[in-house]
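Visitor: Sharing a structure, written as structure tokens. Questions coming.
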Amino acid sequence: MELHSKKHFFEDLQDKAQKEISFGVYVHVPFCASTCDFCSFYQETPHRQDLLKYLQTIRTEFAPFSSDRPVETVFWGGGTPGLLPPSDIEFLGNAQLETLGVPLREWTVEMAPSTVKPDKLKVLKDLGVDRISLGVQSFQEEMLEALGRRQSPRQVLEAYDLIRSAGFQNVNIDLIFAVPNQTMEIWLRDLEKTRELAPDHVSTYCLTLEEDTALYLKLAKARHKMDPGREADFYERTWEVLHNMGLQQYEISNFSRPGMACLHNLNTWRMHEWIGFGPSASSQYMGRRFTNTANLDEWAQGLLEKKPVFTEDSELSSRGLALDTLIFGLRMNEGVDLFEIRERFPEFESFTVDPFLEGLVDEGLAESSGGRFSLTLKGRLLADRIGAELLGCNDI
Ligand code: SF4
């Protein structure tokens, strides 16, 4: 994508901001001690001078958004936010609080099990963080090894206990399935361990192979092929087992106890507004979508010169945003209300999607009731294909 910068970009947006609309904040902490074989996120090895550069610069990036506009949710992801030493976590948290204020509804921090320590948890708790997302991926040695994830099953369990002992009452665990050589029996053992721990939220991701990852290269050499039928079996079994544990599915990959869905992600999937801070972070704000450069030095230099560098910066059309609301909405169990979408995006010419959605109902892939469409179990298994076809409706 073309790399470019815009002078006074934030100031322009700020002028246009309607102060009464609240928004979410994402902070990307781009440091990891090592690179997991399946990972394609932007991250760097944490050298001290780079950490300092990051912390100083992010304050500059927060500054233009200092306003009375309330932030509803905050999500620190990465990278590995938990890798920061306690004093750096405190610095980052205070810089955010001083500029953007206290988030009204939720503040999540992602932690890798090997980084969970009592002193860090205390700092997070004191800052007001109320939700921890633990990157478990698997509870089993051979799966962690297959994923090139440098953590032991013992570390995972200890980290979970420490988080609970520190008083966090909203804990998510991330799990990955459909790993090569993972049988259903191996996966069910992960789900059984999940049942014993009783987290409030579980995110289960089907392994996807991005081309620039070590795992992709390893499997390409072994001529490994993904099997869609096998993936569907994993999905269906997972949904059944988690449902029986009292975890309600609210999106293709996300399950929670009643009332404990991730509010930050809901805000994103409903196509509301959010600002992403840090290298590689994306934003959707005041009718624009923009993504920071995935390069620490370039990101820092751009902000220093008041010319933020983006790899993507586009104006959103009402029609495009309406389609995204439909596509992401259909991935959620609550589905979408076409009346609401038409009300929110009056320019949206829904006649091209209505027949498509009705076709889904005829095929048993969706249900409709009073203008609300949601996917059936069979439809959820085909959500990616349905999303791609809906995008095609935009070209008609
Ligand atoms: S810890 Fe997360 S961000 Fe870092 S390499 Fe592993 S998967 Fe990627």
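Visitor: Name the one entry in GLN140, GLN169 that is farther than 23 Å from ASP37 by Cα, more than 16 Å from the ligand (Cβ to nearest atom) and of a type outside the set (A, V, I, L, M, F, W, C).
Guide: Selected residue: GLN169, the only one of GLN140, GLN169 that is farther than 23 Å from ASP37 by Cα, more than 16 Å from the ligand (Cβ to nearest atom) and of a type outside the set (A, V, I, L, M, F, W, C).
Visitor: Separate question: Is it fair to say SER282 is among the hydroxyl-bearing types (Ser, Thr, Tyr), open to solvent by 20 Å² or more (accessible area, probe 1.4 Å) and touching a residue at least 12 places away in the same chain (Cβ under 8 Å)? If you could, list the steps in order and put the result at the bottom.
Guide: Values: among the hydroxyl-bearing types (Ser, Thr, Tyr): yes; open to solvent by 20 Å² or more (accessible area, probe 1.4 Å): yes; touching a residue at least 12 places away in the same chain (Cβ under 8 Å): yes.
Against the criterion (among the hydroxyl-bearing types (Ser, Thr, Tyr), open to solvent by 20 Å² or more (accessible area, probe 1.4 Å) and touching a residue at least 12 places away in the same chain (Cβ under 8 Å)), SER282 qualifies.
Visitor: Failed condition for GLU145, given (1) within 16 Å of the ligand (Cβ to nearest atom); (2) touching a residue at least 40 places away in the same chain (Cβ under 8 Å); (3) of a type outside the set (A, V, I, L, M, F, W, C), with all others met?
Guide: (2)
Visitor: Taking the criterion of being open to solvent by less than 10 Å² (accessible area, probe 1.4 Å), of a type in the set (Ser, Thr, Tyr), outside any helix (DSSP H, G or I) and in the same structural domain as LEU191 (by TED's automatic domain parsing), would at least one residue in region 139-162 satisfy it?
Guide: Checked region 139-162: no residue is open to solvent by less than 10 Å² (accessible area, probe 1.4 Å), of a type in the set (Ser, Thr, Tyr), outside any helix (DSSP H, G or I) and in the same structural domain as LEU191 (by TED's automatic domain parsing).
Visitor: Moving to a separate point now. Could you say whether any residue in region 180-191 is at positive phi and open to solvent by 40 Å² or more (accessible area, probe 1.4 Å)?
Guide: yes
Visitor: Could you tell me whether any residue of region 107-116 is of a type in the set (Asp, Glu) and more than 13 Å from the ligand (Cβ to nearest atom)?
Guide: No; the residues of region 107-116 include none that is of a type in the set (Asp, Glu) and more than 13 Å from the ligand (Cβ to nearest atom).
Visitor: Let me ask something else about it. Please tell me if VAL116 is modelled with pLDDT of 95 or more and either in contact with a Lys or Arg (Cβ under 8 Å, 6 or more places away or on another chain) or at positive phi (or both).
Guide: no
Visitor: What's the number of the only condition in (1) of a type in the set (A, V, I, L, M, F, W, C); (2) modelled with pLDDT of 95 or more; (3) out of contact with any Gly (no Cβ under 6 Å at 6 or more places or on another chain) that LEU219 fails to meet?
Guide: Only one criterion in (1) of a type in the set (A, V, I, L, M, F, W, C); (2) modelled with pLDDT of 95 or more; (3) out of contact with any Gly (no Cβ under 6 Å at 6 or more places or on another chain) is unmet by LEU219, namely (2).
Visitor: Among the residues of region 179-204, write down those that are assigned to a loop (DSSP other than H, G, I, E, B) and of a type in the set (S, T, N, Q).
Guide: Result: ASN181, GLN182, THR183.
Visitor: Sort out which residues of region 82-119 are hydrophobic (A, V, I, L, M, F, W, C) and open to solvent by less than 10 Å² (accessible area, probe 1.4 Å), and write them in order of number.
Guide: LEU84, ILE89, LEU92, ALA95, TRP107, VAL109, MET111, VAL116
Visitor: Sort out for me the helices (runs of 4 or more DSSP H) sitting completely within region 291-360 that have 3 or more residues that are free of Cβ contacts under 8 Å to residues at least 60 places away in the same chain and within 24 Å of the chain's Cα centre (by Cα).
Guide: By residue number, 318-330.
Visitor: Shifting gears a bit: For ILE176, indicate whether it is touching a strand residue (DSSP E or B) at 6+ places or on another chain (Cβ under 6 Å), within 20 Å of PRO81 (Cβ to Cβ) and assigned to a strand (DSSP E or B).
Guide: Considered against the rule, which asks whether it is touching a strand residue (DSSP E or B) at 6+ places or on another chain (Cβ under 6 Å), within 20 Å of PRO81 (Cβ to Cβ) and assigned to a strand (DSSP E or B), ILE176 comes out as yes.
Visitor: If you don't mind, there's one more thing I want to ask. Quickly run through region 234-254 and pick out the residues that are in a helix (DSSP H, G or I) and aromatic (Phe, Trp, Tyr).
Guide: Of everything in region 234-254, those that are in a helix (DSSP H, G or I) and aromatic (Phe, Trp, Tyr) turn out to be PHE234, TYR235, TRP239.
Let's see how each residue does on (1) touching a residue at least 40 places away in the same chain (Cβ under 8 Å); (2) within 15 Å of PHE38 (Cβ to Cβ):
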| position | (1), (2) |
| --- | --- |
| LYS193 | yes, no |
| LEU215 | yes, yes |
| LEU219 | no, yes |
| TRP239 | yes, no |
| ILE252 | yes, no |
| PHE255 | yes, no |
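Visitor: Condition test on VAL336, is it of a type in the set (A, V, I, L, M) and touching a Phe, Trp or Tyr at 6+ places or on another chain (Cβ under 9 Å)?
Guide: Criteria met by VAL336.
Visitor: Considering only region 37-51, I want to know if a residue exists there that is out of contact with any Pro (no Cβ under 9 Å at 6 or more places or on another chain), away from the ligand (no atom under 16 Å from the Cβ) and free of Cβ contacts under 8 Å to residues at least 60 places away in the same chain.
Guide: Among the residues of region 37-51, at least one is out of contact with any Pro (no Cβ under 9 Å at 6 or more places or on another chain), away from the ligand (no atom under 16 Å from the Cβ) and free of Cβ contacts under 8 Å to residues at least 60 places away in the same chain, which makes the answer yes.
Visitor: Return a yes/no flag: does region 120-137 have any residue that is farther than 16 Å from PRO81 by Cα, buried (at least 21 other Cβ atoms within 10 Å of the Cβ) and touching a strand residue (DSSP E or B) at 6+ places or on another chain (Cβ under 9 Å).
Guide: Yes, region 120-137 contains at least one residue that is farther than 16 Å from PRO81 by Cα, buried (at least 21 other Cβ atoms within 10 Å of the Cβ) and touching a strand residue (DSSP E or B) at 6+ places or on another chain (Cβ under 9 Å).
The values are calculated or read from the model by the stated rules, or taken from the named source; none is laboratory data. The model shown is predicted, which means the values in this text are computed figures rather than measured ones. Glycine also receives a Cβ, built like all others from the backbone with ideal geometry; neighbour counts cover every protein chain displayed. Just so you know, the surface numbers come from the protein's heavy atoms only, side chains and all, with ligands and any DNA or RNA stripped out. Shrake-Rupley method; radii C 1.70, N 1.55, O 1.52, S 1.80 Å.
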